[in-house]
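Visitor: Structure in C-alpha cells, see below.
Derivation of every value follows stated rules applied to the coordinates shown; laboratory data play no part. Since the structure is predicted, the reported quantities are computational estimates derived from the model, not experimental observations. Reconstructed Cβ throughout: ideal geometry from the backbone, glycine too, with neighbour counts over all protein chains shown.
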Amino acid sequence: MDPRSASGAEQLIRKAEEFAKRELGRDATGHDWWHVHRVRNLALELAEMENADRFVCELAALLHDVADEKLNVSKEAGLDKVRRWLEEHGVGQTVIRQVMDIIATMSYNGGTNPPMTTLEGKVVQDADRLDALGAIGIARTFMYAGAKGHRMHEPGQHFDHLDYRSSEKTAVFHFYEKLLKVKELLNTEHARTIAEHRHRFMETFLTQFYAEWDARA
Ligand code: ADP
Ligand code: NI
C-alpha cells in the first residue's frame, strides 16, 4: 500500500478508522468513535472551504483522540503510539510531521495550548471545537459530567478558582468555563459561521434551563 497513490490514501483512511474505533472503544466521556466521525466530517467540510490539504486534515481528525492523555499512560506515550502506527503504515515523513504537529497541539487544555500554525491544524482544531458546541455539545457535556460523577447544577456557586478537571465542577459551569467562549477562539471563517448558530442554541438552552429550574416555564 502506497499512501501517496489515490487508492493507497483511501485504504490508509479505512485503516485509520479501524485504528481509532479499536483504540477509543466504547468510551462514554466524550471521546467515542462517533465524536471522531463527526470531527472528520466537519474537518473535510472546513478543508474544502479553506483550501486545506484534505488528506492531512482527515488523517489528523481520525487520529486526534487516540493520543489523548486520558486514554494513555501519558500524552507522550499516546503520541508515540500514533507515530508508530503512521510509520508502520508507510506514511511519508512530511505527512507524519504534519499530522503529529496537529495532534500534539490541538487539545483544548483549558485554552492554554499555543495557537495552531498550519492551515490544516486550524481546520482540525476548529472541527474538534465545533463538536463541543450546540445540541451535540450540550449532550456531551452532560455525558461527561455524569461519567465523572459531577453534579448537574449548583445555583449561586462560583467555581472560578478550581482547576479545569476538578470534580467539584458542575455540568452547567462547563458552559461558562469553555463552551460559551469557544466561538471567539475559532481559527477559520467558515467555522465561525457554523458556531454562531450553535452558540445561540446553547444560550437558548440555558435560558430555558434556568426558567424551568425556577419554575418560571
Ligand atoms: P478535548 O480533549 O477534545 O479538548 P475534552 O476531553 O476536554 O475534549 O472534553 C470532551 C467533552 O467533554 C467535550 O464535549 C467537553 O466540552 C466536555 N467536557 C470537558 N470537561 C468537562 C467538564 N468539566 N464538565 C462537563 N463537560 C466537560
Ligand atoms: Ni476530540
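Visitor: Under unit Cβ charges (Lys, Arg +1; Asp, Glu -1), what dipole magnitude, rounded to 20 debye, does region 17-126 have relative to its Cα centre? Working shown, then result.
Guide: Details: 13 positive and 20 negative charges, 40 e Å.
I would put it at about 180 debye.
Visitor: 222 nm [θ] for the chain, helices only, -39500 (n - 2.57) per DSSP H run of 4+, per residue, to 500? Before the final figure, lay out the partial values.
Guide: Values: 10 runs with 137 residues, N = 217.
So the calculated ellipticity at 222 nm is -20500 deg cm²/dmol.
Visitor: Which Cα, out of THR118, ASN51, ALA195, lies furthest along the positive dipole direction of the chain (beta carbon charges, K/R +1, D/E -1)?
Guide: Checking the options against the dipole of the chain, the answer is ALA195.
Visitor: Need the C-alpha centroid separation for region 188-202 versus region 1-55, integer Å.
Guide: What the calculation gives is 22 Å, centre to centre.
Visitor: Select from MET106, LEU86, HIS153 the residue farthest towards the positive end of the dipole of the chain; place +1 on Cβ of Lys and Arg, -1 on Cβ of Asp and Glu, and compute about the Cα centre.
Guide: My answer, from the dipole projection, is HIS153.
Visitor: With N denoting the number of residues in region 1-62, provide Rg(C-alpha) divided by 2.2 N^0.38 Å, to two decimal places. Before the final figure, lay out the partial values.
Guide: Working: Rg = 12.3 Å, N = 62, 2.2 N^0.38 = 10.6 Å.
For region 1-62, the normalised Cα radius of gyration comes out at 1.17.
Visitor: So if I place +1 on the C-beta of Lys and Arg and -1 on the C-beta of Asp and Glu, and nothing else carries charge, what would the dipole magnitude of the chain be about its Cα centre? I want it in debye, nearest 20.
Guide: On the way: 29 positive and 35 negative charges, 61 e Å.
Taking the Cα centre of the chain as origin, the dipole is about 300 debye.
Visitor: I would also like to ask the following. In whole Hz and in residue order, list the ³J(HN,Hα) couplings for region 142-148 that follow from phi through the Karplus curve 6.51 cos²θ - 1.76 cosθ + 1.60, θ = phi - 60°; x for Gly and Pro.
Guide: After applying 6.51 cos²θ - 1.76 cosθ + 1.60, I find 6, 4, 4, 4, x, 4, 8 Hz.
Visitor: Convert each backbone phi in region 20-30 into a coupling constant with the Karplus relation 6.51 cos²θ - 1.76 cosθ + 1.60 (shift: θ = phi - 60°), then list the ³J(HN,Hα) values in order as whole Hz, x for Gly and Pro.
Guide: Here the 3J(HN,Hα) series is 5, 4, 5, 6, 7, x, 10, 3, 10, 10, x Hz.
Visitor: In addition: Mind putting a number on the dipole of region 79-151 about its Cα centre? Charges go on the C-beta only, +1 for Lys and Arg and -1 for Asp and Glu, and I need it in Debye to the nearest 20. Intermediate results must be reported in sequence, preceding the final value.
Guide: Working: 9 positive and 8 negative charges, 68 e Å.
It works out to roughly 320 debye.
Visitor: Which trypsin sites (Lys or Arg not before Pro) in region 119-217 pass both tests, a DSSP loop state and at most 11 other beta-carbon atoms within 10 Å?
Guide: On the way: sites: LYS122, ARG129, ARG140, LYS148, ARG151, ARG165, LYS169, LYS178, LYS181, LYS183, ARG192, ARG198, ARG200, ARG216; in loops: ARG151, ARG165, LYS169, LYS178, ARG216.
Passing both the DSSP loop test and the Cβ count: ARG165, ARG216.
Visitor: Greater than 20 Å separation of Cα atoms is the criterion. Which listed pairs, LYS70/LYS169; LYS21/LYS183; LYS81/LYS178; LYS70/LYS178, meet it?
Guide: Numbers: LYS70/LYS169 18 Å; LYS21/LYS183 29 Å; LYS81/LYS178 29 Å; LYS70/LYS178 18 Å.
Those over the limit are LYS21/LYS183; LYS81/LYS178.
Visitor: Assuming a ≥ b ≥ c are the square roots of the Cα gyration tensor eigenvalues, decide whether the chain counts as rounded (a/c under 1.5), prolate (otherwise, with a/b larger than b/c) or oblate.
Guide: Working: a/c = 2.26, a/b = 1.77, b/c = 1.28.
Because a/c hits 1.5 or more and a/b exceeds b/c, the chain counts as prolate.
Visitor: Right, here's the next one. What residues qualify as long-range amide H neighbours of ARG151, i.e. H under 5 Å apart, gap of 5 or more or another chain, H built at 1.01 Å from N?
Guide: Excluding prolines and chain starts, which carry no amide H, the hits are ALA171.
Visitor: Something else about it: So what J values fall out for region 191-207 if you push phi through Karplus, 6.51 cos²θ - 1.76 cosθ + 1.60 with θ = phi - 60°, rounded to Hz, Gly and Pro as x?
Guide: Values per residue, Gly and Pro as x: 5, 5, 5, 5, 5, 3, 5, 5, 5, 4, 4, 5, 5, 4, 4, 5, 4 Hz.
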